[in-house]
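Taking it in order: structure first as C-alpha cells, then the write-up.
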Amino acid sequence: MDANILQTPIDYLKGVGPNRADLLRKEIGIHTYQDLINFFPNRYIDKTRFYKISQLQRNSAEVQVVGKITHIKTVEQKRGKRLVADFVDETGKMELVWFRGHKWIRENLKLNTPYVIFGKTNWYSGVFSMPHPEMEPVEEYKKQLRTAMQPVYPSTEKLAKSGISNRVINKLMQQLFIETKARFYDTLTDELREELKLIPRAEAMFNVHFPKSQELLTKAQFRLKFEELFYIQLQLLRKNMLQKQKIKGFVFEEIGSNFEEFYNNHLPFELTDAQKRVIKEIRSDLGSGAQMNRLLQGDVGSGKTIVALMAMLIALGNDFQACLMAPTEILAVQHFNGLTELCENLPVNIRLLTGSSKKAERKEIHEGLENGEINIIIGTHALLEDKVRFRNLGLAIIDEQHRFGVAQRSKLWRKNTVPPHILVMTATPIPRTLAMSLYGDLDISVIDELPPGRKPIKTVHRFDSNRLKVFRFLKDEIGKGRQVYVVYPLIQESEKMDYKDLMDGYESIAREFPDYQISIVHGQMKAEDKDYEMDRFARGETQIMVATTVIEVGVNVPNASVMIIESAERFGLSQLHQLRGRVGRGAEQSYCILMTGHKLSNDSKTRLETMTGTNDGFEIAEVDLKLRGPGDLMGTQQSGVLNLKIADIVKDNAILKTARYYAKKVLTEDPNLESEKNLRLRHTYSQLAKHKNIWNYIS
Ligand code: ADP
Ligand code: MG
C-alpha cells in the first residue's frame with residue numbers, strides 16, 4: 001500500500017472526529033492511520049461460547065449471553081442512583097446494572113429485543129448481575145465482522161470514561177481496514193518469509209486485529225513480533241557496522257613491554273580461560289583500526305579488574321594514556337590501591353582523582369595528564385570535568401556502567417579528536433535478552449567463569465526471630481578469623497528511619513560482640529571517614545562492618561566470609577546479588593544470610609527463593625527482569641528500546657534470538673542492503689531511519 005494513506009491524520013477516519021482524535025492522540029499516542037494499525041491488542045477473549053443464564057457460575061470470568069430486557073428501573077441509594085434492568089433468556093433471569101450514563105441507556109436500549117451481552121458477572125443474594133455490560137442488538141451483532149477470538153486493546157481511564165470503549169476501537173479498526181483496503185505491503189524478503197514460514201504481512205495484520213482462529217492468531221503474532229525485533233536488530237547491528245567503518249580508532253599495534261613484563265613476571269595468579277579469552281577479544285579490537293566499544297559482563301568476583309589493567313597496559317605500550325572511571329569514591333580508591341600494588345614493579349605512573357582530591361593535588365594531576373607524565377588515571381565523575389584534559393587518552397574504562405548514563409559515556413569521548421577505545425564493565429549481569437536489544441551497538445564479552453578454588457556461597461533465609469542463632473553463628477566465624485558484613489537498606493524516602501535502623505543495629509551488635517571491633521559506614525559520613533573505616537576493615541583491624549548499601553559496588557575484602565542482609569525483603573534482586581558478591585572472594589566457605597520479618601509479599605518470597613536457590617547472576621537477572629519488567633531495570637529507562645509495540649522482550653526471547661540471527665545474516669551478505677532481493681528491507685529500513693523512530697514502521 002502506498003505509505004501516504006497510512007500517514008493520514010487519524011481525524012479523517014470515519015467515526016473519529018475532532019474530540020475522539022484528540023483523545024486518541026493524547027491518551028494512546030495515535031496520530032495517524034499508521035499508528036492505529038500498529039496499536040495491538042494486549043489480550044484476546046474467547047467469544048465463541050454463549051452461556052445460558054442457568055449455566056452461570058459464581059466467580060465465572062467474562063461471559064456472553066443472549067436475552068432480552070423486560071424491565072428497567074432506577075434504584076436510589078445513599079451513594080447515588082443506579083439503573084437496573086431485568087435481563088431474561090429461556091432459562092432464567094439476571095440483572096444488568098449501570099452506575100452512570102443513565103439517560104443514554106434509557107433512551108437507547110429497547111425492551112423485549114434480543115441483545116448479546118458480554119461482561120463479568122457478580123452474584124449477590126441469589127441473583128447474578130452484570131455491571132456495565134457490553135451490549136449489542138443481535139441483529140447488529142450478526143452483521144459485524146465476527147471473529148472467534150475477540151481482541152482487547154490497551155485502554156486508559158480517560159478513554160473508557162469518554163466512551164472510547166474496546167468496541168469503539170474495534171469498529172475504528174474495521175473502518176481502517178475498509179478505507180485502506182487492508183493491502184499492507186510486505187516488509188520482509190520472500191527468502192525470509194519462506195525460510196521462517198511467515199505469513200504475509202497483510203494477513204498477519206488482519207489476524208492480529210480480527211483473528212479467524214487461534215492458529216492464525218499465533219502465526220500473525222509470530223510474524224509481527226519477528227518483524228519488530230528484526231528491524232530493531234537490523235538497525236542496531238548496522239549502526240555498529242557503520243561505527244566501525246566511520247569511527248577510526250587508534251591502532252595499538254603492539255602489546256608493549258609493560259604488558260609483557262606484567263604477564264611474564266608479575267601476574268599474581270593464573271588467568272582463567274574466560275579472562276584469557278576476553279583479553280584476546282579486547283586485544284583484537286584495539287589492533288583493528290576501529291574504535292572499540294565493548295561491554296564486559298562478568299559476575300561479581302569473576303576478575304574483571306585484572307582484565308582492565310591488562311587492557312590499559314596495552315594502551316601504555318603504544319604510548320597512550322588510559323583512564324578507569326568508577327561510580328563511587330570507595331570503589332575508585334580500591335581500584336587505585338589494587339592497581340598500584342599490581343603495578344609495583346612496572347614503570348607506570350598511576351594517580352587517583354576524586355571529588356575529595358585537594359586543590360593542589362588536583363592541579364598537579366591536571367598538569368600531569370596534560371603533559372603525559374601520568375599514564376593511568378583512576379577516578380570518579382571528577383574525571384569528566386572540563387578541566388581534565390589528556391595528552392593522548394587511548395583507552396577509557398568505565399566500571400559498573402549502569403551507574404552512568406549513556407550521555408556520560410560519550411562525554412569521555414569528546415576529550416579527544418579521535419575517540420579513545422571504550423570498555424564498559426558491568427557486574428550487574430544484564431540478561432542476555434536485554435543486552436542484545438539494548439546494547440546491540442556494543443560488542444559484548446562475558447567472563448562466565450569464576451577463578452578456581454572458590455566455594456559457592458551458601459545462602460540462607462532467616463527470620464528476625466532467629467537472630468540469636470545467627471549471632472552465635474557469627475561468633476563462630478569471627479572466632480575462626482573471618483570478617484563479617486551487616487548491611488541495612490537505605491531507601492531515600494525514608495532515609496531518617498533507615499538511618500535509625502542502622503544505628504540501632506550497630507548498637508545491638510556492639511552490645512552482643514563487646515570483644516570485637518566494629519566499623520560503620522553510611523552515606524551521611526564524610527568521604528574521608530568512610531575511607532578510613534573501609535580501610536580499617538580491609539586491613540582486618542575491625543571484624544564487623546555495619547553499613548548501608550554504599551558498600552554494594554565492587555568492594556573487595558577477601559577475608560570477609562559472611563554477609564548479613566537486614567530487611568532483605570526490601571532489596572531488589574540485583575542489589576541482593578551484588579551485596580552477596582562482597583563475600584566469597586577468598587578460599588574460605590562464605591555465607592549470605594537474608595534476614596526478614598514474617599510478613600512477606602509474593603514477590604519478596606520469589607526473590608528470597610531465587611537467592612537461596614542459585615548463585616548464577618544471569619539466572620537471577622532473568623528472574624529480576626520477569627518480576628520487575630524491563631522498564632525498571634537499572635539503566636534501561638532512557639533507552640526507549642523497550643517501547644515495543646507487540647513483542648515482549650522477556651517472553652519473546654527466542655524470537656529475538658532468531659531475529660538477531662537473520663539480521664546478522666542479511667547484513668553479512670549485503671551490508672548496505674543494495675541487492676535487488678533486499679529492496680523491501682532497504683525501503684523499510686530507510687523509512688524507519690527517516691522517521692527517527694525505528695519502532696514505527698511504514699507498511
Ligand atoms: P570483579 O569482576 O567483581 O571486579 P575482581 O576483579 O575484583 O572481580 O576480582 C575478584 C577477586 O578475585 C580479586 O581478589 C582478584 O584478585 C581475584 N582474582 C581475579 N582473577 C583471578 C584468577 N584468575 N585467579 C585467582 N584469583 C583471581
Ligand atoms: Mg569490580
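Values computed for the structure shown
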read-out: Among the residues listed as Val555, Val623, Val562, the single one being modelled with pLDDT under 90 and more than 16 Å from ligand 1 (Cβ to nearest atom); value: Val623
read-out: Selected residue (criterion: surrounded by the most Cβ atoms within 10 Å (Cβ to Cβ)) from residues of the range 338-377 that are of a type in the set (S, T, N, Q) and over 20 Å from Ile397 (Cβ atoms); value: Ser356
read-out: Looking only at the range 442-461, and only at residues there that are under 27 Å from Leu234 (Cα atoms) and of a type in the set (Val, Ile, Thr), the one that is farthest from the chain's Cα centre (by Cα); value: Ile447
read-out: Filter result (closer than 14 Å to Phe40 by Cβ and in a helix (DSSP H, G or I)) within the range 202-217; value: Ala204, Met205, Phe206, Asn207, Val208, His209, Leu217
read-out: Selection count, the range 588-604, where residues are under 20 Å from Leu474 (Cβ atoms), surrounded by fewer than 24 Cβ atoms within 10 Å (Cβ to Cβ) and out of contact with any helix residue (DSSP H, G or I) (no Cβ under 7 Å at 6 or more places or on another chain); value: 3
read-out: All positions within the range 286-310 that are within 14 Å of ligand 2 (Cβ to nearest atom) and either within 22 Å of the chain's Cα centre (by Cα) or assigned to a helix (DSSP H, G or I) (or both); value: Leu296, Gln297, Gly298, Asp299, Val300, Lys304, Thr305, Ile306, Val307, Ala308, Leu309
read-out: Per-region count, the range 579-609, residues under 18 Å from Ala538 (Cβ atoms) and part of a helix (DSSP H, G or I); value: 1
read-out: Residues being surrounded by fewer than 21 Cβ atoms within 10 Å (Cβ to Cβ) and under 17 Å from Leu423 (Cβ atoms) - total across the range 378-389; value: 1
read-out: Conditions (1) more than 24 Å from Arg585 (Cα to Cα); (2) surrounded by fewer than 24 Cβ atoms within 10 Å (Cβ to Cβ); (3) small (Gly, Ala, Ser): number failed by Ala315; value: (2)
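Okay, residues lined up against (1) of a type outside the set (Phe, Trp, Tyr); (2) touching a residue at least 12 places away in the same chain (Cβ under 8 Å); (3) within 25 Å of Arg539 (Cβ to Cβ):
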| position | (1), (2), (3) |
| --- | --- |
| Asp464 | yes, yes, no |
| Phe471 | no, yes, yes |
| Ile478 | yes, yes, yes |
| Tyr488 | no, yes, yes |
| Glu507 | yes, no, yes |
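The values are calculated or read from the model by the stated rules, or taken from the named source; none is laboratory data. Since this is a predicted model, take the numbers as computed values, not measurements. Every residue, glycine as well, gets a Cβ built from its backbone with ideal geometry; the counts of neighbours run over all protein chains shown.
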